Every structure is written in C-alpha cells, then in structure tokens.
C-alpha cells in the first residue's frame, strides 16, 4: 500500500477562493482571458501570466518569466490573498460536473512509489 503524508498547503483565503480559482490558462479564448485579467485582480491567472498588458514579453520558459511568476506569487502571499496552513493536513477534493460527483485526496506521496506504479494518477 502506498504511503501518503500530510502537508501544509498554500491556498486562498475563504473570502477570495471563488475569485482566485480558475481553469487552465490555455482553455480561455483570448478575449475572455483578457476580460478576466482586467476585471479580477485576485485570479490566479495573474500569477501565471504576470506580463498581462505589457507590450514586450519575456520568452516562454525563460528565467526572466519564472522570476516574474515568482514575484507575482509573492505579491499574492504578501497581500494576504494566499496563505500557508500552520499545520499539515491531508485534504479532500470534491468536484461536481454533469450530475456526477468526484472525490479525491490531496496529500504528499513518495516519488519512488509513484514511479513503481504503486500510486495511480
């Protein structure tokens, strides 16, 4: 049996979770993405797209881009939008879609056990 461990998650404050949560960046049409970034200063999209509105952008997967992402993440933490739990936990995740409910566990796991196919993804 695979071994799992509790960890200290970084997550949005309860009053901002609905504003921070987002679907993957690439699933948005350009105009919808632009509107979301303009209208919602709390969306996680600002972390993964820190150069929104800039004329010149750093190359994808460059050190410069990663530094900007890191800076945007730090701003969210400093502004109190994201925080890290004080105690380690094992988290439950529930998603509902089309009258189906999915429940999952979010926990730390062994990389070696994953590589040995003892953990399914």
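What are the residues in segment 77-121 that are more than 17 Å from residue 1 (Cβ to Cβ) and over 17 Å from the mean Cα position of the chain (by Cα), if any?
Residues satisfying the conditions are 86, 87, 88, 89, 96, 97, 98, 99, 100, 101, 102, 103.
Can you tell me which residue in segment 12-27 is modelled with the lowest pLDDT, limited to those that are surrounded by 16 or more Cβ atoms within 10 Å (Cβ to Cβ) and either part of a strand (DSSP E or B) or touching a helix residue (DSSP H, G or I) at 6+ places or on another chain (Cβ under 9 Å) (or both)?
22
Suppose we filter 74, 97 for residues that are exposed (fewer than 12 other Cβ atoms within 10 Å of the Cβ) and on the phi < 0 side of the Ramachandran plot; which single one remains?
97
Considering only residues that are within 26 Å of residue 94 (Cβ to Cβ) and out of contact with any helix residue (DSSP H, G or I) (no Cβ under 9 Å at 6 or more places or on another chain), which ones fall in segment 58-79?
77
Identify the residue in segment 28-57 that is in a helix (DSSP H, G or I) and touching a helix residue (DSSP H, G or I) at 6+ places or on another chain (Cβ under 9 Å) and, among all such residues, is farthest from residue 14 (Cα to Cα).
Taking the candidates together, the pick is 33.
Does residue 52 satisfy the criteria of being out of contact with any strand residue (DSSP E or B) (no Cβ under 9 Å at 6 or more places or on another chain) and over 15 Å from residue 25 (Cα atoms)?
Spelling it out, it is not the case that residue 52 is out of contact with any strand residue (DSSP E or B) (no Cβ under 9 Å at 6 or more places or on another chain) and over 15 Å from residue 25 (Cα atoms).
Would you pick out the residues in segment 100-120 that are more than 25 Å from residue 17 (Cα to Cα) and loosely packed, with under 13 Cβ neighbours inside 10 Å?
Scanning segment 100-120 gives 111, 112, 115, 116, 117, 120.
Residues in segment 83-94 that are under 18 Å from residue 22 (Cα atoms) and surrounded by 10 or more Cβ atoms within 10 Å (Cβ to Cβ): how many?
Looking only at that region, the number is 1.
The values are calculated or read from the model by the stated rules, or taken from the named source; none is laboratory data. On a predicted model such as this, the values are computed, not experimentally measured, just so you know. Counting neighbours? That spans all protein chains shown, and the Cβs are built from the backbone with ideal geometry, glycine included.
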